[in-house]
Amino acid sequence: MGKKNQQPMPEADANSKDTAGYSVLARKYRPQTFDDLIGQDAMVQTLCNAFDTQRIAQAYMLTGVRGIGKTTTARLIARALNYQVNGKPEQGPTVRFSKPGVHCPEIMASRHVDVLEMDAASNTGIDDVREIIESVRYKPVSARFKVYIIDEVHMLSRQAFNGLLKTLEEPPEHVKFIFATTEIRKVPITILSRCQRFDLRRVDADLLIEHFRTIVAKENAEADQAALAEIARASEGSVRDGLSLLDQAIAYGSGKVSGENVRNMLGMVDRARVIDLFKLVMTGKAGPALIELKAQYEGGADPALIISDLASLVHWITRLKLIKDAALDATMSPAEVTQGTELAENLSMSVLSRAWQMLLKGIHEVNTAPNALAAADMVLVRIAYASDLPTPEEIIKKLKDDSPGPQTEKQISPPPAATPVVTAEQKSPVKPEGEKIPETGAVAVPLPTQTASEATAIMPPVPVLESFQDVVALAAKKRDIRLKTALERSVRLVNFAPGAIDIQLTESAPRDLAN
C-alpha cells in the first residue's frame, strides 16, 4: 500500500525544539499508519485481517534488509495494540487509525512508558533479558498492553535466548513481544517457532521513484527522472537509504536534483558510458577501453564501482536475453533498454557467462589491489582478449566440421604388429623363442626385430648394439643415469647375441630393471 498524500510525522513538530527546526527526510516522512507503508502489501493485509478478527499473536518477528521499515512497523503494531481515542478502550486494538490516539504520539516518538525498545546489539547478555523477565509481571501503567520491541534480536547471546524462551511461550495477557532482525538465520528455531513471522520485502524501483517524486514535491525541490532512477538503483530497495541519498542530493544541487549531480555525488558513471565501455571490451578493443576507463577515473569514478557496474550490466543483459519483461525496469531509460536489447541479441549466453565470471573475480581483485586503477585495467584487458576466443559450442562445431571422413586403408596404413615382449621371473626365465634358459637365474630381454624400412617409417633407426658395452654407452648417451648405473653395478652378463641379451640380476638390482 502506498498513500500518496503522506504527511510529515508529528514527531518533527512535537520535538521542534530538539531538532533545531530541521528533521532529515528519513524521519520527517516516516510512515505514521499502515497505509503509509510502501511495498509491504502482504504483511499489511495479514495484520489488518488479524486485528479485525482479534487473532492477535503474542509475539511478532520482523525480518528484512536494513532501512526497509522493521522498526517503524514494530512501532505501528505497538500503536495498533494500544490504540485508544478519548479514553475509550473498546475502540482497540485496531490497525485503522481514524485519528491520533491517546498513546500514539509517544509510541511513534519512542518515549512511551509501556512500550519499551531495546537494542540487542548493545544489550546482549542474560542480565538484560532478566530485567525484561522480571518486569513482565507488572501491568502497564496507562496503555492496554506492555510491548517489548527488541531490535537486532539476533545479537542476543545463547544464554539470553534461553532465558527468554519460557516467558515468550507463555507471556502474561498484558505483554506482547515484537522482534526485528536483519539476520533471521542467526535466530534460534526455538524462538522463531514462538513468533508470527513477517518478511519485509525490498521495495520495487518504480515504487521508490514514485515515493521520492512525491517527497521532492513536498520539499519544494526539483528532480528529473534520471536522478530519481539513480537514487532508487543505489538504495537497493531500502527506503531509508533512498531518502538519505535524496536528502543529500537536494542539498548538493541546492534544490535541483539531476542525474549528473547524483552521479557526481556518489562517484558513479553515466550509464551510457558504462554501456560504451562494455561495447569496447566485448569487441576486443583493449586500447580504447583503457582510455575510456582512465577518462571515467579522472572524472571521479571509483574503479571498483566501474567494474561492479559492468557486472550489473552483464546481469541485466542476460535477463533481457531470457526474460522479455526485464526491459520494463523502471531504473533504465528507453535508450539504455534499446542498447541492452541489441547487446542481448548479439552476445551468446556463453560469452555473457564468461564475462560475468571474469568481472566477478575482477571486483575482488580491484578491491584488494594496491592500485585499483591498474587492477581494473588488467581486468578489462583479460576480457577484451578473451572476447574473440571461441565458445565451447563453437569449438565443438569446428571439430565436427574439420573431422575427416571414414578412414581407408590407403589413407592410414595399420602399424606393423608389435614384437611380443616376454617377461619372466628370475627363477624361470624364458627366451623370446620360447626356449628355457638353464637354471642360472638369467633373464631373457627381447630386442626389436623390425626391418630397416619399417623402423625408418615408424621411428628413427635403432642404434646397432654389438656388445654389452654398447648398451651401457647408449644409456649414457640418452642420459638415463639410473639405467647406466644399474647396468654397471647390478647386472652380470650371461650371453649377448643378436635378438636377445641374457643377464643375471644381483640382489641389489631394481625389481623393474628387466623391463
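Observations, loosely collected:
- Some residue of region 81-89 being at pLDDT 90 or above, within 23 Å of VAL153 (Cα to Cα) and assigned to a helix (DSSP H, G or I): yes
- Of the residues contained in region 77-89, one or more are found to be farther than 20 Å from GLU117 by Cα, touching a helix residue (DSSP H, G or I) at 6+ places or on another chain (Cβ under 8 Å), surrounded by fewer than 19 Cβ atoms within 10 Å (Cβ to Cβ) and in contact (Cβ under 8 Å) with a residue 12 or more places away in the chain.
- Members of region 182-215 found to be aromatic (Phe, Trp, Tyr) and within 23 Å of ILE77 (Cβ to Cβ), listed by number: PHE198
- Whichever residue in region 236-279 is in contact (Cβ under 8 Å) with a residue 40 or more places away in the chain and not in a helix (DSSP H, G or I) and, among such residues, is surrounded by the most Cβ atoms within 10 Å (Cβ to Cβ): VAL257
- Unique match (being assigned by TED's automatic domain parsing to the domain that holds ASP302, modelled with pLDDT under 85 and either of a type in the set (A, V, I, L, M, F, W, C) or over 23 Å from the mean Cα position of the chain (by Cα) (or both)) among GLU409, GLU336: GLU336
- ALA121 out of contact with any Lys or Arg (no Cβ under 9 Å at 6 or more places or on another chain), at negative phi and in contact (Cβ under 8 Å) with a residue 40 or more places away in the chain: no
- Candidates are the residues of region 212-235 that are among the charged types (D, E, K, R) and either touching an Asp or Glu at 6+ places or on another chain (Cβ under 8 Å) or closer than 16 Å to GLY267 by Cβ (or both); the one that is surrounded by the most Cβ atoms within 10 Å (Cβ to Cβ) is GLU230.
- Residue satisfying condition, being under 19 Å from ARG271 (Cβ atoms) and assigned to a loop (DSSP other than H, G, I, E, B), within set ALA330, ALA335, ALA344: ALA330
- Subset of region 196-235 (residues that are among the polar types (S, T, N, Q) and assigned to a loop (DSSP other than H, G, I, E, B)): ASN220
- Screening ALA326 on (1) in contact (Cβ under 8 Å) with a residue 12 or more places away in the chain; (2) crowded, with 17+ Cβ neighbours inside 10 Å; (3) of a type outside the set (Phe, Trp, Tyr) shows it passes everything except condition (1).
- Count - residues of region 166-191 that are surrounded by fewer than 16 Cβ atoms within 10 Å (Cβ to Cβ) and in a helix (DSSP H, G or I): 6
- Filter result for LEU192 (in contact with a helix residue (DSSP H, G or I) (Cβ under 7 Å, 6 or more places away or on another chain), of a type outside the set (Phe, Trp, Tyr) and in contact (Cβ under 8 Å) with a residue 24 or more places away in the chain): no
- Answer residue from region 284-324, given it is touching a helix residue (DSSP H, G or I) at 6+ places or on another chain (Cβ under 8 Å) and of a type in the set (D, E, K, R) and is nearest to ASN261 (Cα to Cα) among those: ASP302
The values are calculated or read from the model by the stated rules, or taken from the named source; none is laboratory data. Here the structure is a predicted model, which is why all the values come from computation and not from measurement. When we count neighbours, we look across all protein chains shown, and the Cβ atoms used for this are built from the backbone with ideal geometry, even at glycine.
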